[in-house]
Amino acid sequence: MKRSWLLAVIILLITACTPSGINPIIEVSSISISPASLALLVGEKEHLIASIYPSDATNKEIRWESDNSEVAIVDDQGFVAAFKEGSAIIIATSLANGIRATCYISVLPMHIAVESVNLDKSELSLITGDVAALTLTILPNDATNQIVNWESSDTNIVTVVNGQITDVNSGQANIIASVEGKSAVCSVNVRNRVVPDGGADIGLSVYWAKCNLGAASPEDYGDCYSWGEIESKSYL
């Protein structure tokens, strides 16, 4: 009986000395950031979400910071802003016990879209064996994509490599240059090479006469003229 009475007194004393309404402290065990990595263009913004475990942790306060504020910064709500090309690590730290989580940020140059492309020629007339070149202008000049796709509508007529045109056969074909869906077209007409009567084809679109002016045969010297004159020198 005395023991029961003593135990009851102890329980009453403990109850009386324990403050009512005080919950035990639940520590933060881990933090995660979503997404864990992120690629942004210069000038873009994105919101990072930090999750604290357990979800009922007593102190859920977080400090956000960037290890490279020249590339990207973050505010106290997790909003990231990209400033210049490069990389940065965004860090979320628990103010309760210093546990951290990170997000890797890669900042790429701002993409400048191609607005238009123009060729320096819209039409070309060639003779079989000729070569020609086309020059493409991309606008704006600082467009991010400067890679040009060249193609011929008929490679049996003409072929093209980096704007250099080589004709194959007579006929008509289009040369198309395109960048990011913008394109320009040059119509190419190819004619067969015709050697004039009494001429000799030496290539390069040049024809030579089979004999000199005034000569009756290839063995004759022919007449002699001064530059700009139309009468031959009779005294030679």
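What follows is calculated from the coordinates using simple rules that are stated; it is not laboratory data. A quick note: this is a predicted structure, and the numbers were derived from the prediction, not measured. A quick note on method: Cβ atoms are made from the backbone with ideal geometry, for glycine too, and the neighbour counts reach across all protein chains shown.
Report ³J(HN,Hα) in whole Hz for each residue of segment 48-56, in order, from the Karplus equation J = 6.51 cos²θ - 1.76 cosθ + 1.60 where θ = phi - 60°; Gly and Pro get x.
With coefficients 6.51, -1.76 and 1.60, one gets 9, 10, 9, 10, 9, 10, x, 5, 9 Hz.
Give the long-range amide H neighbours of Glu44: residues separated by 5 or more places, or on another chain, with amide H under 5 Å away, using H modelled in the peptide plane at 1.01 Å from N.
It is Ala82, by chain and number.
Mind listing the phi-derived Karplus ³J(HN,Hα) values for segment 39-45, rounded to whole Hz, using 6.51, -1.76 and 1.60 with θ = phi - 60°, and x for any glycine or proline?
Whole-Hz 3J(HN,Hα) from phi for segment 39-45: 10, 10, 8, 3, x, 7, 10.
Tell me, how many Å apart are the Cα centres for segment 139-177 and for segment 68-100?
When both Cα centres are located, 47 Å separates them.
Can you compute 3J(HN,Hα) from phi for each residue in segment 84-90, using the Karplus curve 6.51 cos²θ - 1.76 cosθ + 1.60 with θ = phi - 60°, rounded to whole Hz and x for Gly and Pro?
8, 4, x, 9, 8, 10, 8
Simple spin-label model, 7 Å along Cα-to-Cβ: Ile26 to Asn149 in nm?
5.6
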